[in-house]
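What follows draws every value from the coordinates through simple rules; no lab data is involved. Since this is a predicted model, take the numbers as computed values, not measurements. Cβ atoms come from the backbone with ideal geometry, glycine included; neighbour counts cover every protein chain shown.
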Amino acid sequence: MHILEFEASHRAVWKEVDLPAPEPDEVLVKILGVATCPQWDLHMFEGRPMFSGASLDYPLVPGQPGHEAMGEVVSVGRDVHTFSPGMHVAAWRDPGNRRMGCYAQYVPLPAEDLIEIDRSLRAEEISSLELAMCVQGSFNRLRECGGIEGKRLAIGGLGPSGLVAVQLARALGARTVIGLDPLAQRRRLAVELGADEAWDPGEYRWPTGRSHADAFDSALDTTGFPVSIEALMGSTRESVAIFGVLREHVRFGPEQWWGDFALLGYGTHTRAAAEEAYRLILAGKLNLAPLISATLPFSRYAEGVERLRTKEAIKILFDPWS
């Protein structure tokens, strides 16, 4: 079998290795499609740690950082009774520190990190279930602090997570969904996917305060940039959830101190969030396919990452068999 390995920054090699056998609690999956997670891919390819204060040592574990994957069960470990060969599955969680990542033709994955999926779902429709689970987790936090149904809700950033968030906000009953992003093509796609409005944040007529008539009830930031988070905090009545990876300090001042305002960090990964996102996919209320800008073989991995870097692509789907 073949697997992608980062031997050094800017050097990812598609190499041949032995077929792994599943451990007692694992499922061996034939990967049929695996989507990029742009932040992870760009950081790993360019030699930058994903999180502030972390270290990054090459070579990476083979198959990393691939984790948004779906495929077919080939075999199961002796302690696995929930899956059988021939089932289609998707990874709903990336636990990290696995012996292999999903940029490969075959990957052994813990059974507890998989969900059986309908065989009719194409790779582009379900590979990014893990991302949908993560965004659903942030919406669950907003639900705890004022709710979503009937709310005027803003989404800061319309990359992959922001475009998922637009759809989840609509599916979960938001009254008005407003997207904010400097890229026109992503604003157009956000409107196609359910946003009522999408604006360049530099041109948007921001509310003059949290009590303004046009203030947001709730907001979700997917950028991790303080300028975006602080703009949302100054324009939101109830709560702002930070989904984007936060690498800098954010100013929380007197304007947010009074009233019932809450600034929410990221929560935790849960199977319940993944299952809710999966139900929305089956119901046609969450469409992950428009996030896939191109499908490429792993021999063109560097090209795919370059498309992410220039923002020509939102996500790339890699086909391990092409």
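Cut-off is 10 Å between beta-carbons; in what order do 42, 193 appear when sorted fewest neighbours first?
Ranked by crowding around the Cβ, least crowded first: 42, 193.
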Whole angstrom only: what separates the Cα centroid of region 268-310 from the Cα centroid of region 15-42? 16
So, with +1 on the Cβ of K and R and -1 on the Cβ of D and E, and no other charges, what is the size of the charge dipole of the chain about its Cα centre, to the nearest 20 debye? 540
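What is the packing order of peptides 298-309, 132-143, taking the mean over residues of other C-beta atoms within 10 Å and listing the highest first? Walk me through the numbers before you get to the answer.
Working: 298-309: 17.6, 132-143: 23.2.
The packing order, highest mean first, is 132-143, 298-309.
Kindly identify region 128-205 as rounded, prolate or oblate by the Cα gyration tensor criterion: order the square roots of the eigenvalues as a ≥ b ≥ c, call it rounded if a/c is under 1.5, otherwise compare a/b with b/c, prolate if a/b is larger, else oblate.
Details: a/c = 1.91, a/b = 1.33, b/c = 1.44.
Oblate, since a/c reaches 1.5 and b/c is not below a/b.
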Of 277, 289, 220, whose Cα points farthest to the positive end of the dipole of region 186-322 (charges on the beta-carbon: +1 Lys, Arg; -1 Asp, Glu; origin at the Cα centre)? 289
Using Cα centres only, tell me the gap between region 149-222 and region 107-126 in whole Å. 30
Value at 222 nm in deg cm²/dmol, rounded to 500, when DSSP H runs of n ≥ 4 in the chain each add -39,500 (n - 2.57): -7500 deg cm²/dmol
Cut-off under 23 Å on the C-alpha distance; same-chain residues fewer than 8 positions from residue 285 excluded. Which lysines are left, in chain and number order? 151, 315
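Rank these for me by crowding, 128, 120, going from fewest to most other beta carbons within 10 Å. Write out the running numbers ahead of the final one.
Values: 128 33, 120 9.
Least crowded to most crowded, the residues run 120, 128.
Exposure proxy check: 296, 183 ranked by fewest other beta carbons within 10 Å? Numbers along the way, then the final one.
Numbers: 296 18, 183 15.
Arranged by neighbour count, lowest to highest, 296, 183 become 183, 296.
Pull up the DSSP beta bridges for the chain and report the antiparallel fraction as a percent, rounded to 5. Could the numbers behind the result be given before it?
Details: 29 of 54 bridges.
In the chain, approximately 55 percent of DSSP beta bridges are antiparallel ones.
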Put +1 on the Cβ of every Lys and Arg and -1 on every Asp and Glu Cβ in the chain; which of 29, 108, 304 then has its Cα farthest towards the positive end of the dipole? 304
Can you find, among 89, 73, 134, the residue farthest towards the positive end of the dipole of region 59-137? Put +1 on the C-beta of Lys and Arg, -1 on that of Asp and Glu. 73
About the Cα centre of region 131-264, how large is the charge dipole given +1 on each Lys and Arg Cβ and -1 on each Asp and Glu Cβ? Please answer in debye to the nearest 20. 160
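Around residue 110, with a cut-off of 15 angstrom between Cβ atoms, what is the net charge of the other residues, counting Lys and Arg +1 and Asp and Glu -1?
Details: positive: 78, 93, 98, 99, 271; negative: 23, 25, 26, 79, 94, 112, 113, 116, 130.
Summing Lys/Arg as +1 and Asp/Glu as -1 gives -4.
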By the Cα gyration tensor axes a ≥ b ≥ c (a/c under 1.5 gives rounded; else a/b larger than b/c gives prolate, otherwise oblate), the shape of region 52-162 is oblate
